[in-house]
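Data block below; observations after.
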Amino acid sequence: MIRKAVAAGFAAAALACTIGSAQAEGTGKGDLLDAIKARGELHCGTLNYLPGVGFLDDKGQWSGFDVDFCKAAAAAILGDASKVRFTALTGAQMFPALQSGEIDILSRSVTDTISRETKLGLDFIGPNHLTGQGFMVHKSAGVTDVKGLDGATICVLAGTVTEGYLADWFRAHGMSFTPAAAENSDQMFSMYFDDRCDAVTMEPPYLAIRRSRSADPAAHVILKTLIAKSFEAPVILEGSPKLREVLQWMHWGMVTAEELGITSANAAQMKAGSKDPVVRRFLGVEGTIGQDMGVPNDWMLQVVEAVGNYGEMYDRNLGKDSKLGVPRGMNALWRDGGAMIAPGWQ
């Protein structure tokens, strides 16, 4: 165990140093926004096995909430949502893929934490998905609250922030548990469904996905209590301020589009007929917002027509228009009781 911990420490240090070197090299090579435009293709790292989040079907079609972010980015930067090369990445592969330059953007339900920003030199965009750490339990156990898991065996992903939050929460509440650590989510849920642990912990939307794909969804309950908040966001390496600006304002733009009632179905009509100066600036009719950022002036029109506004993207992949039916919750607009809000489009 000690040798494993020491090896893990050396690996983490090596990764941080390598990323730092890549950042220094990247600065010399210029902003990634320019590289993407010159290449004519966006390189995106994501998941390929979670319907609603990141999924590659047997026809070679990519879909999901995280996938749509990269399609939106391609539409914003290149004017074509199809100009994306997707790469499926595991948790162990995702940060090295960024630092090596294999991908431009990591859109893989990555949780923003202070250590990831300060030690690994990452820039998080958004956050574009607000959730928390929850639990799923076997209904037959009769557990209705996390405090009913004192002494339980809990399946958890090894080496993740989820593992750390779990230990912190149980310690803070004077409770004990036995971790059943898994190397990947497939292994973790296999252990849970085989009754090798009393509960499994992860973000509720992903628990809902796995429950929906189980042999008997009704036999499993997702507890309401969250033990930690999770700010999930796409990620790029530090050193590309122009790309970061485009992606951050693209996310805020999708939220703004929902606020303004601009959808994939009516965006072109609103561009042609709206007299609202905010709408006209937003869709590129007036002003030079897109041009000033180094993208086409109608970049947000391209984004909304390709993937919809924030609400459309959420509902299609995770929410009421999907098989998962995960409520918006914190991801609803601020005016609807949620936490999604964007700066003014002035």
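FYI, it's all coordinate maths here, none of it is from the lab. Everything numeric in this text was worked out from a predicted model, so none of it was measured. All Cβ positions, even for glycine, are placed from backbone atoms using ideal geometry, and neighbour counts span all protein chains on display.
Could you sort the peptides 180-192, 227-239 by per-residue average Cβ neighbour count (10 Å cutoff), highest mean leading?
Values: 180-192: 17.7, 227-239: 21.2.
Highest mean packing first, the order is 227-239, 180-192.
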Label-point separation in nm, residue 320 to residue 82, each point 7 Å along Cα→Cβ: 3.2 nm
When only alpha-carbon atoms count, how far does the stretch 287-346 stretch along each of its three principal axes, as whole angstroms with the largest first? 38, 23, 12
Between 0 and 90 degrees, rounded to the nearest ten: what's the tilt of helix 241-260 against the longest Cα principal axis of the chain? 90 degrees
Residue 84's amide H: which non-local residues (gap 5+, or another chain) put their own amide H closer than 5 Å, with H modeled 1.01 Å from N in plane and none for Pro or chain starts? 42
Roughly how many nanometres apart are two label points built 7 Å out from the Cα toward the Cβ at residue 341 and residue 195? 4.9 nm
Residues of the stretch 91-126 with amide N under 19 Å of the 7 Å Cα→Cβ point at residue 186: 91-94, 108-109
What ³J(HN,Hα) values, in whole Hz, does the Karplus curve 6.51 cos²θ - 1.76 cosθ + 1.60 give for the stretch 203-219 when θ = phi - 60°, with x put for Gly and Pro? 5, x, x, 6, 4, 5, 4, 5, 4, 5, 9, 7, 5, 9, x, 5, 7
Calculate for the chain the 222 nm mean residue ellipticity that helices alone would give, adding -39,500 (n - 2.57) per DSSP H run of length 4 or more and normalising by residue count, nearest 500 deg cm²/dmol. -13000 deg cm²/dmol
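By DSSP, what percent of the beta bridges with both residues in the chain are antiparallel, rounded to the nearest 5? Could the numbers behind the result be given before it?
On the way: 20 of 36 bridges.
Percent antiparallel among DSSP bridges in the chain is about 55.
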Can you give me the long-range amide H partners of residue 177? Hydrogens built in the peptide plane at 1.01 Å from N, cutoff under 5 Å, separation of 5 or more residues or another chain. 151
Expected unfolding gain across residue 38-residue 218 under the 0.36 nm per residue rule, minus the alpha-carbon gap, is 59.7 nm
Simple spin-label estimate for residue 231 and residue 147 in nanometres, 7 Å along Cα-Cβ: 3.0 nm
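Of the listed peptides 288-295, 265-272, what is their order by residue-averaged count of other C-beta atoms within 10 Å, with the highest listed first?
Packing order, densest peptide first, comes out as 288-295, 265-272.
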Give me, ordered by chain and number, the residues 5 or more places off residue 132 or on other chains with an amide H under 5 Å from its own placed amide H. 230
